[in-house]
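Colleague: What follows is a single structure, and I will ask about it in a moment.
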Amino acid sequence: MLGRRSSISRPVLVTILVVLAGYLITYVFIPQSGFWSGDSGCKFIQLEGILDSGYRSYSVSWPGRDLDPELSFLPIREPFGRLIDGELFLQYSPVFATVSSVFYRWFGFSGLFLLPFAAGVFILPAVWRLSELTSDLRLAPPVAVVLCAFGTPVWFYSLTWWEMTLGVCCVMWGARFAIEYVRSGRLRSLVTAAALCGGAIHFRDAMYVFAAAVGAVATWYGRRSWSHAVAFVAALIVVLTPLWTFQWKAVGAPFGHHFGALSPDLTRFLPDRA
């Protein structure tokens, strides 16, 4: 058995309504006329460049280039901006900006917040199911959901234009299927976990580490089958291939520029601390 069977009961509905009410009330009182972080501002500049080019270029559209054609004075410098072949690129993968651009075109500035909000809310059913799979306490699922919704950064990131909740949503559901695989040994659950972890990497490249951890833990505590481990890696590669292809075409780096973006700063920082 995989634990108690999920059902839409009164506790589930009450918990969902409480969380949605809290999030919507917060959303109403948060100003939506700007961003709280320079990272979001850079990503918005990236989005504008994508739209200005008609999705043909993923570099930064810089109006001041007429005054500085060689980009000797970069408006966005390392580690956020990188000058490559005479074009200014940001360290962030363009995936989130590209997907968000659709909602921006449809609903304007407020449309940017729809994806993070929806992903933040959709994290909660995964938390509920994980609690069912790992605890016999009847109150564990609703308590876990409320704590996750209001006691973690999920609350904040659900109301901010940031890809964090999209990545977390995918890995939480991936963890749910990984635990199901450990209990049942069904290869389908392991492959689903791999696909979801791959989906998380599309938005947050730090999730490469999480995907490796999920695969290692699931196969170790599951059937310890080499064929299942290979299936996990294969499913992950299948899901990631479109991402690698897109980033190679868009920014000239299949793994994006984020991995090496901090190296210049670290090179300058570490010797001073030696």
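Colleague: Span-like helices, the chain: DSSP H, alpha-carbon axial extent 18 Å or more, mean Kyte-Doolittle -0.5 or greater, which ones?
Modeller: Long hydrophobic helices here: 10-29, 38-52, 95-107, 114-134, 164-184, 187-203, 207-221, 226-251.
Colleague: Here's another thing I want to ask about it. Among (1) 21.0, 68; (2) 20.8, 74; (3) 19.0, 69, find the value of Rg and Dmax of the Cα atoms in Å that was calculated from the structure presented, and write down its label.
Modeller: (1)
Colleague: What residue among ALA229, TYR157, TRP106 has its Cα farthest toward the positive end of the dipole of the chain, where the charges are +1 on Lys, Arg and -1 on Asp, Glu, each on the Cβ?
Modeller: So the residue we want is ALA229.
Colleague: With charges only on Cβ, +1 for K and R and -1 for D and E, what is the dipole size of the chain about its Cα centre, in debye, rounded to 20?
Modeller: 1400 debye
Colleague: Using a simple charge model, +1 on the beta-carbon of Lys and Arg, -1 on the beta-carbon of Asp and Glu, nothing else, what dipole does the range 49-191 show about its Cα centre, in debye to the nearest 20?
Modeller: Dipole about the Cα centre, nearest 20: 740 debye.
Colleague: What order do you get for 146-159, 165-178 when each peptide is scored by the mean count of other beta carbon atoms within 10 Å, highest first?
Modeller: 165-178, 146-159
Colleague: Give the relative contact order (percent, whole number) for the chain; include only Cα pairs under 8 Å separated by 6+ residues.
Modeller: 18 percent
Colleague: I would also like to ask the following. What ranking, highest mean first, results for peptides 214-220, 31-37, 81-87 when packing means the other Cβ atoms within 10 Å averaged over each residue?
Modeller: Averaged packing, sorted descending, gives the order 214-220, 81-87, 31-37.
Colleague: If you don't mind, there's one more thing I want to ask. At a Förster radius of 45 Å, what calculated FRET efficiency corresponds to the Cβ-Cβ distance of SER184 and LEU71, to the nearest 0.05?
Modeller: 0.20
Computed from the coordinates by the stated procedures, all read-outs in this text should not be read as laboratory data. None of these values were measured; they are calculated from a predicted model. As a convention, Cβ positions derive from the backbone with ideal geometry for all residues, glycine included, and neighbour counts pool all protein chains shown.
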